[in-house]
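Worksheet for the structure shown next.
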Amino acid sequence: VQLQASGGGLVQAGGSLKLSCAASGSIFSINDMGWYRQAPGKERELVATITSGGITNYADSVKGRFTISRDNAKNTGYLQMNSLKPEDTAVYYCHVNLPPRGENYWGQGTQVTVSS
């Protein structure tokens, strides 16, 4: 199983970016999909998750600004990021959990930089 994340880049504060995460390989279905981020000198933190049924969960710091979604037919997840702030600067990692044994896989990370 491989996860290919894309969509990161440099944006000014107040701008928007949309991240994508395409899963490939021996995948029948995906349980949870999620996005995490890690800023320099900080621990990796949860940004947002979405279940196979579409139930979402967000970190308080991104609620109302970020939207997570998924296309089950394409095994692809998305993170729409609006009203970006400099504190959103980090490497963003996608994550999936696969049935039946709950195996976890991580993408390679995509850099998001928000300038003030």
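The criterion of at least 2 residues that are open to solvent by 40 Å² or more (accessible area, probe 1.4 Å) and under 21 Å from Ala23 (Cα atoms) is met by the following strands (runs of 3 or more DSSP E) wholly inside the stretch 48-113: 56-58, 66-71, 76-81, 103-106. Six or more apart or on different chains, Cβ atoms under 7 Å: show the pairs whose first residue is in the stretch 5-30 and without any contact (Cβ under 8 Å) to a residue 40 or more places away in the chain and of a type in the set (Ser, Thr, Tyr) and whose second is open to solvent by 30 Å² or more (accessible area, probe 1.4 Å) and assigned to a loop (DSSP other than H, G, I, E, B). Close Cβ pairs satisfying both conditions: Ser26/Val1. Test Gly14 against the stated conditions and say whether it is at pLDDT 95 or above, in contact with a Ser or Thr (Cβ under 8 Å, 6 or more places away or on another chain) and outside any loop (DSSP other than H, G, I, E, B). No. On the given criteria, is Ile55 closer than 19 Å to Gln4 by Cβ and of a type outside the set (Ser, Thr, Tyr)? Against the criterion (closer than 19 Å to Gln4 by Cβ and of a type outside the set (Ser, Thr, Tyr)), Ile55 does not qualify.
Here Glu43 does not fit the description of being closer than 25 Å to Gly14 by Cβ and more than 15 Å from the chain's Cα centre (by Cα).
All of Ala22, Ala5 fail the test of being in contact with a helix residue (DSSP H, G or I) (Cβ under 8 Å, 6 or more places away or on another chain) and assigned to a strand (DSSP E or B), apart from Ala22.
The values are calculated or read from the model by the stated rules, or taken from the named source; none is laboratory data. Just so you know, these numbers come straight off a predicted model, no measurement behind them. Cβ: placed from backbone, ideal geometry, glycine included. Neighbour counts: every protein chain shown. Only protein heavy atoms, including side chains, enter the accessible area calculation; ligands, DNA and RNA are left aside. Shrake-Rupley method; radii C 1.70, N 1.55, O 1.52, S 1.80 Å.
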